[in-house]
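**Student:** Quick one: structure below, then a few questions.
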Amino acid sequence: MVNFRVALAFVACFIVVTSAQSPKARKKPANPPARAREESEADPEITNLCPEDGYFADAEQCDKYYECRGGDIIEKLCPDGMVFNDYSPQEEKCDLPFNLDCSQRPKLQTPQPSLHCIRQNGYFSHEDPKECGKFYFCVDGKFNMITCPDGLVYNDKTGICTWPDEAKKKGCGAAEVFQFECPAVNETFGLTHPRYADPDDCQFFYVCINGNTPRRSGCKLGQAFDDVSKKCEWARKVPECAEWYKGQLTDAELDALENPPTPKPKPAGSPSRRKPQRPSKGKTVQIEDE
């Protein structure tokens, strides 16, 4: 009987607390948090309540989220160009779109473009489609242009520089970027990823992935690619490239690259660089002469 009275008191208390909530907390948002929506499918009576305190993604818009505190729902937006990362309800984190999958909630806020920036924040391609290796990094509408390493292309899907065949960017394929096409070979030879000399630069060569996708690579300074042995050699050993570094490096510099000085061995019995040990603070033992 006592337990039954306690239960009645708990129910009465719950009704009073629920009735005392502010209109803001009771108001159902246009697109409730995803977790709240999941619970609403099971119980329509709780669609206007937070699942718990924390931060929750909007069900439809990737850059919108909600802060829940004590039953109140506060609607929030990430900075333009960023999206909400809902990896933990205890963390309020807006992230770059490349780090999230927004396919299930693809809506975004209206863009706020500025010079070279499609949105206020993020990484964006160069306006000139022929500038395959240049892109912009925007923060609060201020841009900084970045250039990819030679032979790489800005990848719109990942926000980093990748090989042309990985970026799959229109007008920026391997043939357009390198001005080189892999010679036709049979499938067996293609699996060896054959190499070919760069016709315009002795230091570089092309690796044809599976025999048909070129990627540019290079030898170290002072060397040239030997199209006969299919490997890097010192330039003087490759007849057609023997003079390639003339005007760039002197004969002495080339010789130093090919024959770096051998470090001199330490002389035997050289003094130790270890610090001498301090005498112990124990008793001094006097040895008498015999």
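**Student:** Let me check I've understood the local charge: for Ser125, count other residues with C-beta under 12 angstrom from its C-beta, Lys and Arg +1, Asp and Glu -1. What total comes out?
**Tutor:** After counting each charged neighbour, the total is +1.
**Student:** I've got another one for you. Among the listed pairs Lys142/Lys169; Lys64/Lys142; Lys230/Lys266; Lys220/Lys264, which are separated by more than 31 Å between their Cα atoms?
**Tutor:** Pairs exceeding the cut-off: Lys230/Lys266.
**Student:** If you don't mind, there's one more thing I want to ask. Do any trypsin sites (Lys or Arg not before Pro) in region 83-129 lie in a DSSP loop with no more than 11 other beta carbon atoms within 10 Å, and if so, which?
**Tutor:** Filter output for region 83-129: empty list.
**Student:** Exactly which trypsin sites (Lys or Arg not before Pro) in region 162-242 are in a DSSP loop and have at most 14 other Cβ atoms within 10 Å?
**Tutor:** Lys168, Lys170, Lys220, Lys230
**Student:** When only DSSP loop residues count, what GluC sites (Glu not before Pro) in region 149-217 have their Cβ near at most 16 other Cβ atoms within 10 Å?
**Tutor:** Listed in order of number, the matching sites are Glu181.
**Student:** Any chance you could check the Cα centroid distance between region 114-158 and region 77-97 for me, in angstrom?
**Tutor:** When both Cα centres are located, 21 Å separates them.
**Student:** While we're looking at this one, here's another question. In what sequence, highest mean first, do 62-70, 127-135, 96-104 appear when ranked by Cβ atoms within 10 angstrom?
**Tutor:** 62-70, 127-135, 96-104
Computed from the coordinates by the stated procedures, all read-outs in this text should not be read as laboratory data. Worth saying up front: this structure is predicted, and the values here are computed from it rather than measured. Reconstructed Cβ throughout: ideal geometry from the backbone, glycine too, with neighbour counts over all protein chains shown.
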